Amino acid sequence: MKPFFLASVLALIACAHPSDPFIDAVHALRPSVVLLTMDVPSSDRRSWDTEYATGTVVASGAWGSDILTVQHAVAQARNLRITIANKWRVRATLVAADPKLDVAIVTTHARLTPANIGDSTAIAPGEAIGLMGYPIPDIFEEDGLGLATSINSGRISAVRSHAIELNLPIVPGESGGPVFVSDGAAVVGVAESRFDEERSIGFALPINEAKFFLHHHSHY
């Protein structure tokens with residue numbers, strides 16, 4: 001096949017199947033998102049329950065990896081472990097937490113892929129965003145549906161004081177997951193909570209508010 005003909009065929013294929021920026025962002029970010037599993041005190045404090053959260057790898061090197069998540073999920077946790085690529089489970093350790101910001105860093109000896117940390121001051125209401133995490137993973141597995149990273153898409157409803165309002169719910173298990181934009185798969189927020197009265201509204205911490213914490217308590 002002549003080179004100019006081959007180039008023409010490849011160009012036609014590219015036009016017929018154009019790249020989707022959101023899908024490209026999902027593929028780029030997925031290796032940086034992990035499931036956190038931990039034991040927390042039960043309501044009567046007499047036993048331990050298994051709870052879940054999502055984490056985002058923010059730094060990695062020969063020493064291992066630092067993972068950003070929410071403080072409220074790991075505050076009283078023991079036996080902390082992370083699941084990588086929905087297959088491999090390794091131990092993790094809580095190394096720093098900020099209850100006011102509701103962020104925490106856990107570390108593991110595994111060397112993982114860090115996410116692209118973006119700039120939350122550049123986002124605006126109406127902008128398209130994605131949320132990646134692990135909603136109620138135990139229920140999915142109990143029903144024989146397996147473990148998988150879930151993706152949701154929506155828009156920024158408002159940029160509020162110390163919070164990004166999303167037109168997406170934050171389902172238990174997704175807390176700590178990355179809120180991201182398609183441009184460079186950049187993480188612009190950390191999924192945190194939802195209103196109990198109106199569960200379709202979710203909130204995320206702007207990533208820039210977590211950067212001071214990251215600079216002082218991680219290898220970021």
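Look through the stretch 38-61, keep the residues that are of a type in the set (A, V, I, L, M, F, W, C) and farther than 24 Å from Gly118 by Cα, and return whichever of them is least open to solvent (accessible area, probe 1.4 Å).
Residues of the stretch 38-61 that are of a type in the set (A, V, I, L, M, F, W, C), as a first pass: 38, 40, 48, 53, 57-59.
This time we only want the ones that are farther than 24 Å from Gly118 by Cα, so: 38, 40, 48.
Numbers: Met38: 0, Val40: 22, Trp48: 110 Å².
By that ranking, first place goes to Met38.
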Query - Candidates Gly126, Gly202, Gly146, Gly184 - the one that is modelled with pLDDT under 95 and over 18 Å from the mean Cα position of the chain (by Cα) - result: Gly146
Query raised in the report: Taking the stretch 164-220, which residues are in a strand (DSSP E or B), farther than 28 Å from Ala62 by Cα and either open to solvent by less than 10 Å² (accessible area, probe 1.4 Å) or small (Gly, Ala, Ser) (or both)?
Result: Ile164, Leu166, Ala191, Ser193, Gly202, Ala204, Leu205
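So which residues in the stretch 147-163 are closer than 11 Å to Pro135 by Cβ, not β-branched (Val, Ile, Thr) and not in a strand (DSSP E or B)? Reasoning before the result, please.
First, pick out the residues of the stretch 147-163 that are closer than 11 Å to Pro135 by Cβ: 148-152.
Now drop any that are not not β-branched (Val, Ile, Thr), which leaves 148, 150, 152.
Passing the criteria: only Ala148.
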Requested in this report: May I ask you to list the residues in the stretch 143-163 that are surrounded by fewer than 16 Cβ atoms within 10 Å (Cβ to Cβ), touching a Leu at 6+ places or on another chain (Cβ under 9 Å) and within 20 Å of Gly55 (Cβ to Cβ)?
Outcome: Leu147
Query raised in the report: Applying the selection to the stretch 70-118, what residues are touching a Lys or Arg at 6+ places or on another chain (Cβ under 8 Å), of a type in the set (D, E, K, R) and within 14 Å of Val40 (Cα to Cα)?
Result: Arg81
Query raised in the report: Name the pairs whose Cβ atoms lie under 9 Å apart, with the first residue in the stretch 24-44 and over 23 Å from Arg111 (Cα atoms) and small (Gly, Ala, Ser), the second open to solvent by 10 Å² or more (accessible area, probe 1.4 Å) and in a strand (DSSP E or B), and 6 or more positions between them or separate chains?
Result: Ser42/Trp48; Ser42/Asp49; Ser43/Asp49
Query raised in the report: What about Thr93, is it more than 17 Å from the chain's Cα centre (by Cα), closer than 24 Å to Val187 by Cα, modelled with pLDDT of 90 or more and among the β-branched types (Val, Ile, Thr)?
Result: yes
Report task. Would you check if Ala110 is of a type outside the set (D, E, K, R), outside any loop (DSSP other than H, G, I, E, B) and open to solvent by less than 30 Å² (accessible area, probe 1.4 Å)? Result -> no
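The values are calculated or read from the model by the stated rules, or taken from the named source; none is laboratory data. This is a predicted model, so every value here is computed, not measured. Quick reminder, even Gly has a Cβ in these numbers, built from the backbone with ideal geometry, and neighbours come from all protein chains shown. Keep in mind that these areas ignore ligands, DNA and RNA; they rest on the heavy atoms of the full protein, side chains included. Shrake-Rupley method; radii C 1.70, N 1.55, O 1.52, S 1.80 Å.
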